[in-house]
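Peer 1: Mind looking over this structure? Questions follow.
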Amino acid sequence: MKTPVTVLGLGTMGTALARAFLSAGHPTTVWNRTPGRSPELDVLGAVRAVTAAEAVAASPLVVVCLLVDTTVRDTLDGLDLTGKVVVNLTNTTPDQARGLEATTAGAAYLDGGIMAVPAMIGGPHAFILYSGDAQAFEQHQPALAVLARPVYVGADAGLAALYDIALLSAMYGMFGGAQHALALMGSAQVPAAEFTEQLLLPWLTAMLGSVPRMAADLENPPETGSAGSNLAMQAAAYHNLIDTAEAQGVDPMLLRPMGELLQKAVASGHGDEDLAALIRLIA
Ligand code: FVH
């Protein structure tokens, strides 16, 4: 028989997780603060627990996907977790994950960072970062794999959150740039969908190709200066990005921090270097 699983939290993500476990044949007990949420899970065979304590008692593997850290703490507070493996897939900071590990006495703790939206769960492109108890991860890897590709990043329970936050930070930076570009083109009534498909996506895809070189430069700084687009040149041109946004009536708030960092890099003598120098500056 497949490992029985409990899912605490039936928001959009918790529901997707429960659905994936049920579809893969795991006996699945679910609990949610507001009863009756996601009735489609009943059709798939979910067992509804009335209390979180009842839900935890039903399975050796307890997956938690609630709103924030305090929600998880309040929900688990006072429950008997002895002998359970608790997998917390709620978004947390590294310190919150370590704190939660310390409070789940008697249980093995794994913290997770879901790198997917709900519709991707159970599909080929989703992955979930895990850190914490290595033995628990080994034992339950087959069950966790029905959700998304499991990626174990280390025994420190806070590591998955650190990786998760790094990837989310990169995502928001990317979205911020794309959103500014669309606002700018919108100010000239350029159709957004066509601009995105024909120019924005090819441009961003080509530029993403330079990220591995940035990472390589960070690990092995080049002995000579920039091979192509030095920071002094970029800082000089960056004024045009701000001026154009203002002239078009678009708030440059998403662009300003990068311009300030470029100026700082040049002022502190890094003008002949490449973009990896900016990483060293903020670190
Ligand atoms: N959805 C997404 O795209 C992202 C993908 C990456 C991971 N995140 C994180 O997953 C956590 C849950 O997200 P969600 O999308 O399921 O969120 P909601 O649909 O808003 O559901 C929230 C659940 O939390 C329950 N809840 C809220 N407050 C309390 C409370 N005080 N006590 C007990 N439960 C609480 C809520 O219950 P209810 O409102 O239905 O009673 C939902 O079950 C989250 O950390 C994301 O950052 C999702």
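Peer 1: Please verify whether ALA105 is in contact (Cβ under 8 Å) with a residue 12 or more places away in the chain and either within 30 Å of ALA247 (Cα to Cα) or open to solvent by 40 Å² or more (accessible area, probe 1.4 Å) (or both), treating the condition exactly as stated.
Peer 2: When the stated conditions are applied, ALA105 passes them.
Peer 1: Follow-up question, since we're still on this one. Kindly provide the set of residues from the stretch 226-270 that are open to solvent by less than 50 Å² (accessible area, probe 1.4 Å), among the aliphatic types (A, V, I, L, M) and touching an Asp or Glu at 6+ places or on another chain (Cβ under 8 Å), ordered by number.
Peer 2: Of everything in the stretch 226-270, those that are open to solvent by less than 50 Å² (accessible area, probe 1.4 Å), among the aliphatic types (A, V, I, L, M) and touching an Asp or Glu at 6+ places or on another chain (Cβ under 8 Å) turn out to be LEU231, ALA232, ALA245, ALA265.
Peer 1: Among GLU223, GLU273, which is the only one that is among the acidic types (Asp, Glu) and surrounded by fewer than 11 Cβ atoms within 10 Å (Cβ to Cβ)?
Peer 2: Step by step, each of GLU223, GLU273 is checked, and only GLU223 is among the acidic types (Asp, Glu) and surrounded by fewer than 11 Cβ atoms within 10 Å (Cβ to Cβ).
Peer 1: Out of the helices (runs of 4 or more DSSP H) lying entirely within the stretch 179-253, which hold 3 or more residues that are over 30 Å from ASP272 (Cβ atoms) and modelled with pLDDT of 95 or more?
Peer 2: Helices (runs of 4 or more DSSP H) meeting the threshold: 192-195.
Peer 1: For the stretch 73-90, indicate whether the set of residues that are among the charged types (D, E, K, R), out of contact with any Leu (no Cβ under 6 Å at 6 or more places or on another chain) and in contact (Cβ under 8 Å) with a residue 60 or more places away in the chain is non-empty.
Peer 2: For the stretch 73-90, residues among the charged types (D, E, K, R), out of contact with any Leu (no Cβ under 6 Å at 6 or more places or on another chain) and in contact (Cβ under 8 Å) with a residue 60 or more places away in the chain: absent.
Peer 1: GLU101 versus (1) touching a Cys at 6+ places or on another chain (Cβ under 7 Å); (2) more than 8 Å from the ligand (Cβ to nearest atom): which is the lone unmet condition?
Peer 2: (1)
For every residue, the table says whether it meets (1) near the ligand (Cβ under 10 Å from one of its atoms); (2) over 20 Å from the mean Cα position of the chain (by Cα); (3) crowded, with 20+ Cβ neighbours inside 10 Å.
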residue	(1), (2), (3)
ALA18	no, no, yes
THR28	no, yes, yes
GLU54	no, yes, no
ALA57	no, yes, no
PRO60	no, yes, no
LEU66	yes, no, yes
VAL87	no, no, yes
THR92	yes, no, yes
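To keep it simple, each residue is scored yes or no on (1) out of contact with any Ser or Thr (no Cβ under 6 Å at 6 or more places or on another chain); (2) within 23 Å of VAL153 (Cβ to Cβ); (3) modelled with pLDDT of 95 or more; (4) of a type in the set (Gly, Ala, Ser).
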{"residue": "MET13", "(1), (2), (3), (4)": "yes, yes, yes, no"}
{"residue": "GLY25", "(1), (2), (3), (4)": "yes, no, yes, yes"}
{"residue": "ALA52", "(1), (2), (3), (4)": "no, no, yes, yes"}
{"residue": "ALA57", "(1), (2), (3), (4)": "yes, no, yes, yes"}
{"residue": "VAL62", "(1), (2), (3), (4)": "no, yes, yes, no"}
{"residue": "LEU66", "(1), (2), (3), (4)": "no, yes, yes, no"}
{"residue": "GLY83", "(1), (2), (3), (4)": "yes, no, yes, yes"}
{"residue": "ARG98", "(1), (2), (3), (4)": "yes, yes, yes, no"}
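Peer 1: Hand me the list of strands (runs of 3 or more DSSP E) wholly inside the stretch 1-105 holding 1 or more residues that are in contact with a Lys or Arg (Cβ under 8 Å, 6 or more places away or on another chain) and among the hydrophobic types (A, V, I, L, M, F, W, C).
Peer 2: Once the strands (runs of 3 or more DSSP E) in the stretch 1-105 are filtered for at least 1 residues that are in contact with a Lys or Arg (Cβ under 8 Å, 6 or more places away or on another chain) and among the hydrophobic types (A, V, I, L, M, F, W, C), what remains is 28-31, 61-64.
Peer 1: Please list, ordered by first then second residue, the pairs with beta carbon atoms under 6 Å, 6 or more apart or interchain, first in the stretch 124-145 and under 12 Å from GLY113 (Cβ atoms), second among the charged types (D, E, K, R) and open to solvent by less than 50 Å² (accessible area, probe 1.4 Å).
Peer 2: As it stands, the answer is LEU129/ASP164; SER131/ASP111; GLY132/ASP111, since those pairs meet every condition given.
The values are calculated or read from the model by the stated rules, or taken from the named source; none is laboratory data. These numbers were taken from a predicted model, which means no experiment stands behind them. Positions of Cβ are generated from backbone atoms using ideal geometry, with glycine treated the same way; all protein chains shown enter the neighbour counts. The area values use the complete protein model at the heavy-atom level, side chains included, leaving out ligands, DNA and RNA. Shrake-Rupley method; radii C 1.70, N 1.55, O 1.52, S 1.80 Å.
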